[in-house]
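Participant: Dropping a structure here in structure tokens format, bear with me for questions.
The values are calculated or read from the model by the stated rules, or taken from the named source; none is laboratory data. None of these values were measured; they are calculated from a predicted model. Virtual Cβ from ideal backbone geometry, glycine too; neighbours counted across all protein chains shown. Note: areas computed on protein heavy atoms with side chains; ligands, DNA, RNA excluded. Shrake-Rupley method; radii C 1.70, N 1.55, O 1.52, S 1.80 Å.
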Amino acid sequence: MQPRSRFVPLLLATLLLLVVAARPPARTAQPVRAQVTVDAGAPGATIPRTLFGIFFEDINFAADGGLYPERVKNRSFELPDPLMGWKKAEARGGSFEIRTDRAISANNTRYLRLTTDGETAFGVMNDGYRGVGAREGETFHVSLAARRVSGTPRALRVELRTPGGRSIGETRFDVPDASAGWTTLSGRLTSSAREMHGRVAVLLEGPGTVDIDVVSVFPVDTWRGRPHGLRRDLVELLAALQPGFLRFPGGCIVEGRYLDGRYRWKETLGDPAERRPLVNRWNDEFMHRPAPDYYQSFGLGFFEYFQLAEDLGAEPLPIINCGMACQFNSGELAPIEELDEYIQDALDLIEFANGPADSPWGARRAAMGHPAPFRLKFIGIGNEQWGPEYIERFERFARALKAKHPEIRLVASAGPGPDGERFDYLWTKLRELQADLVDEHYYQPPSWFLAHASRYDAYPRTGPKVFAGEYAAHVRGRSGPERSTWEAALAEAAFITGLERNADVVELSSYAPLLGHVDAWQWSPNLIWFDNLSSVGTTSYQVQKLFATNRGERILPVRINGSPGRDGALYASAAQTEERGAIVKLVNTAGAVQPVSIAGLGSGTMRVITLAAPLEAVNTLQNPNTVVPVERTIEARGDTLDIDLPAHSVVVIRPS
Ligand code: AHR
């Protein structure tokens, strides 16, 4: 019995298996092939060259510690705490003090006095912007102002050090004679090792006393090799976006928390050592991300912004304070009768950018090395303002600016949100005032971007144009670089098809913010993340780049299963190329492959550029290429092209 009873269950199990195996496989639902129709014979409005641009704000250490690659923080001892960033480099052997008598200039009123007790070197050490970065073999231009006070000091030595204190590069300077007064010393230093969080030490080889100021350690390898120029890898990432405009300097930084702390462009010109620092409003805006050492040196000032815009082939778009401090903070207002000073700032800015080299402000530009005008065409009046107070001020600005410069197009604010009472009020008033462009901001979840891809289909075709001036999809439950997921970027891509289809109404758009230092950020997500040595374009960066570099010249109508631009999880836009071919952009937000038949693209060899990834994918400094475009070519025969769109993908198809 025993053997038989054991055999029965085995037999039954085998039979069951055979039955299951013999059953036809369960049918997985095949997505229905979508019909995409591009009407290549009906080109619409011209797509402005400015449709995709960049928004720069000094937030997240985007300027000092980022694009402006000075390694020494508080190089002139001018911050409210004059020793911020500095401490003793050696335990013993001398002393130091901050002094103000016989300072180097009226704008640079403090300096450091170093005294050695004897022959041993003694000095101070700077901790840079979350450390001092140096690549192995990287050369730095080193300079400092020095004045001998007494004694017979042998030399001043500037060292690059590891956090543990090991020297990885140095340069030495003879101490000038006492009769020479303040003297600028300059030389070079090359790092013998790679260091992410190093230090800069300034040491006096005694015996004696010497004053020092404006201590600078600056990479030689900058964007376009300009002395004291911008950080090359970051500008290269910006250049690859082929931006149509560069908006600067923000953002809320324009407004200040109080008017006293507002951005004053005139203070950012001339010799960088003479530019007086100002607290950065992001310094302690967010209690959970404090940055008490966040100041603006203005090494990256208005001349440099204009020059950067020119280098990038982008229209400069400065935003100017309109007599209102940030309404999320003090909301301080400049009284209407005192608005002239602010309006004059805007008029002078136009002259600085466009005036002849012999005009007062044009001469300032010429003196900085750019006699030719910067061809400014746009100015933003205020950043994220709202209410009747704003309308009243905008109107005054518009009247004065248009009277003198009807050629300059004025950007007005639609406030901080994408809809609601404030927003509607502003739009109504700005239409009445015939503003040229209205700046809309939306930081929203991915679902909002998907739901609002057709937002501009219903906008009036006359009146002010739209500047989608700050936007980004914000996913929940993540922060820092991990927040720049493919889910966010995919939703932005779907939304951008709507911007492109409505490029007759939307003239400019920019993701915000642009840059974030991984060790010093206040806001996430950002378009580009960086540390002291390297940088990475996020998934959103890849989307911006894909759209901007495949912009096309004129809008082409596109339908999906008969609906303009969108059907279900599928989004599309199309454009005519210079050669009169058609580019189509398709965004499949579904988690399954979507087969499509595309009519109207013509025949021949086509380039197919694809971004596709799981929703949680991110590009990080450690893994920068998780989401990058993949390109192939296909042959289109006849007028219909059949193609499978991968799950969660953005696909661009264009003639090769
Ligand atoms: O992009 C960051 C901030 O968001 C900008 O400074 C401000 O305009 C907006 O609220």
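Participant: With every protein chain left in place and a probe of 1.4 Å, what is the accessible surface of Asp358, to the nearest 10 Å²?
Facilitator: Spelled out: Asp358, probe radius 1.4 Å, area about 140 Å².
Participant: Starting from 0.36 nm per residue, how many nanometres of slack lie between Ser150 and Arg289 once their C-alpha separation is accounted for? Walk me through the numbers before you get to the answer.
Facilitator: On the way: separation 139, 0.36 × 139 = 50.04 nm, distance 4.47 nm.
Value of the extension gain: 45.6 nm.
Participant: Rounded to the nearest percent, how much of the accessible area of segment 583-656 (1.4 Å probe, protein heavy atoms only) is carbon and sulfur?
Facilitator: 49 percent
Participant: Can you pull the Rg over Rh of segment 582-656, Cα-only, Kirkwood?
Facilitator: Working: Rg = 13.5 Å, Rh = 13.1 Å.
Looking at segment 582-656, the ratio lands at 1.03.
Participant: Another one. Translational diffusion coefficient, Stokes-Einstein: compute it for segment 454-549 using the Kirkwood radius over C-alpha pairs as Rh, at 10 °C and 1.306 mPa s, and state it as an integer in µm² s⁻¹.
Facilitator: Values: Rh = 14.2 Å.
D = 112 µm²/s.
Participant: If you project the alpha carbons of segment 42-148 onto their three principal axes, what span does each projection cover, largest first, in Å?
Facilitator: The Cα atoms of segment 42-148 stretch 84, 38, 22 Å along the principal axes, largest first.
Participant: Between Asp39 and Asp221, what is the label-to-label distance in nm when each label sits 7 Å out along the Cα-to-Cβ direction?
Facilitator: 5.3 nm
Participant: May I have the extent of the alpha carbons of the chain along their three principal axes, as whole Å values ordered from largest to smallest?
Facilitator: 102, 88, 46
Participant: How long are the semi-axes of the ellipsoid equivalent to segment 37-80, from square roots of 5 times the Cα gyration tensor eigenvalues, in whole Å, largest first? Show your work: numbers first, answer last.
Facilitator: Numbers: eigenvalues 441, 17, 12 Å².
Working from the Cα gyration tensor, I get semi-axes of 47, 9, 8 Å.
Participant: What accessible area per residue comes out for the chain, rounded to a whole number of Å², with a 1.4 Å probe?
Facilitator: Details: 26040 Å² over 656 residues.
For the chain, the per-residue accessible area is 40 Å².
Participant: Please compute the net charge surrounding Thr497, taking Lys and Arg as +1 and Asp and Glu as -1 over other residues with Cβ under 13 Å from its Cβ.
Facilitator: Numbers: positive: Arg455, Arg501, Arg551, Arg559, Arg566, Lys585; negative: Asp457, Glu492, Glu500, Asp567.
Residues close to Thr497 contribute a combined charge of +2.
Participant: Could I ask something else about it? Convex hull over the Cα atoms of segment 196-248, averaged projected area in nm²?
Facilitator: Values: hull surface 25.3 nm².
Directional mean of the projected Cα hull area for segment 196-248 stands at 6.3 nm².
Participant: As a test of reading the structure, rank Lys465, Lys88 by solvent-accessible area (1.4 Å probe, protein chains only), most first.
Facilitator: Numbers: Lys465 60, Lys88 100 Å².
Order by accessible area, largest first: Lys88, Lys465.
Participant: In Å, what Rg and Dmax follow from the Cα atoms of segment 114-203?
Facilitator: Here Rg and the maximum Cα pair distance are 13.7, 40 Å.
Participant: Subtracting the Cα-Cα distance from 0.36 nm times the residue separation, let me have the gained length for Asp174 to Ile336 in nm, one decimal. If you can, show how the numbers build up before the last one.
Facilitator: Working: separation 162, 0.36 × 162 = 58.32 nm, distance 5.63 nm.
Length difference between fully extended and current span is 52.7 nm.
Participant: Continuing with this model, one more query. Quick one: length gained pulling Lys266 to Val630 fully straight, 0.36 nm per residue minus the C-alpha distance?
Facilitator: Working: separation 364, 0.36 × 364 = 131.04 nm, distance 4.56 nm.
Value of the extension gain: 126.5 nm.
Participant: Separate question: Suppose every K and R has +1 on its Cβ and every D and E has -1 on its Cβ; what is the size of the dipole of the chain about the Cα centre, in Debye to the nearest 20? Let's see the in-between values first.
Facilitator: Values: 72 positive and 79 negative charges, 384 e Å.
So the magnitude is around 1840 debye.
Participant: Here is a further query. Accessible area of segment 91-202 with a 1.4 Å probe: how many percent of it is carbon plus sulfur? Before the final figure, lay out the partial values.
Facilitator: Working: 2220 of 5030 Å².
Of all accessible area on segment 91-202, carbon and sulfur atoms account for 44 percent.
Participant: Provide, as a two-decimal number, the C-alpha radius of gyration of segment 242-301 over 2.2 N^0.38 Å, N being how many residues it has. Could you put the intermediate results ahead of the total?
Facilitator: Numbers: Rg = 12.8 Å, N = 60, 2.2 N^0.38 = 10.4 Å.
Taking N as the residue count of segment 242-301, the ratio is 1.22.
Participant: Shifting gears a bit: Based on Cβ point charges of +1 for Lys and Arg and -1 for Asp and Glu, what charge dipole magnitude is obtained for segment 405-492 about its Cα centre, in debye rounded to the nearest 20? Write out the running numbers ahead of the final one.
Facilitator: On the way: 10 positive and 13 negative charges, 12 e Å.
It works out to roughly 60 debye.
Participant: Taking all protein chains as present, what is the carbon and sulfur share of the accessible area of segment 264-349, in % to the nearest whole number, probe 1.4 Å? Write out the running numbers ahead of the final one.
Facilitator: Details: 1570 of 3150 Å².
With neighbouring chains kept in place, the figure for segment 264-349 is 50 percent.
Participant: List the residues, sorted by chain then number, that are 5 or more residues from Gln296 or on another chain and whose placed amide H is less than 5 Å from its amide H.
Facilitator: Excluding prolines and chain starts, which carry no amide H, the hits are Leu278, Val279, Asn280.
Participant: Take each uninterrupted DSSP H stretch in the chain, measure its Cα extent along the helix axis, and return the ones at 20 Å or beyond whose mean Kyte-Doolittle hydropathy is at least 0.5. Don't skip to the answer; put the middle values down first.
Facilitator: Values: long enough: 2-22 (31 Å, 1.44); 340-354 (21 Å, -0.19); 387-404 (26 Å, -0.88); 486-501 (22 Å, 0.43).
Helices meeting the criterion: 2-22.
Participant: Hey, could you pull the Cα Rg and Dmax for segment 418-463, both in Å?
Facilitator: Answer for segment 418-463, Rg first and Dmax second: 11.9, 34 Å.
Participant: Still on this structure, please answer the following. Tabulate in residue order the Karplus-calculated ³J(HN,Hα) for segment 503-516, using 6.51 cos²θ - 1.76 cosθ + 1.60 with θ = phi - 60°, rounded to whole Hz; enter x for Gly and Pro.
Facilitator: Going residue by residue, I get 5, 7, 10, 8, 9, 9, 8, 8, 5, 8, x, 8, 10, x Hz, with x marking Gly and Pro.
Participant: Also, quick follow-up: What does the charge count around Pro48 come to, taking other residues whose C-beta lies under 14 Å from its C-beta (Lys +1, Arg +1, Asp -1, Glu -1)? Spell out each step's value before the answer.
Facilitator: Details: positive: Arg49, Lys377, Arg409, Lys465, Arg501, Arg551, Arg554; negative: Glu315, Asp436, Glu500, Asp504, Glu507, Glu553.
Neighbourhood net charge equals +1.
Participant: Can I ask one more? Take the Cα of Thr183, step 7 Å along the line toward its Cβ, and report every residue of segment 64-105 whose backbone nitrogen sits under 20 Å from that point.
Facilitator: Zone members listed by number: 102-105.
Participant: Now, a different point. Could you compute the FRET efficiency for Ser359 and Thr100, with r as their C-beta to C-beta distance and R0 at 45 Å, rounded to 0.05? Intermediate results must be reported in sequence, preceding the final value.
Facilitator: Working: r = 36 Å, r/R0 = 0.81.
The formula returns an efficiency of 0.80 here.
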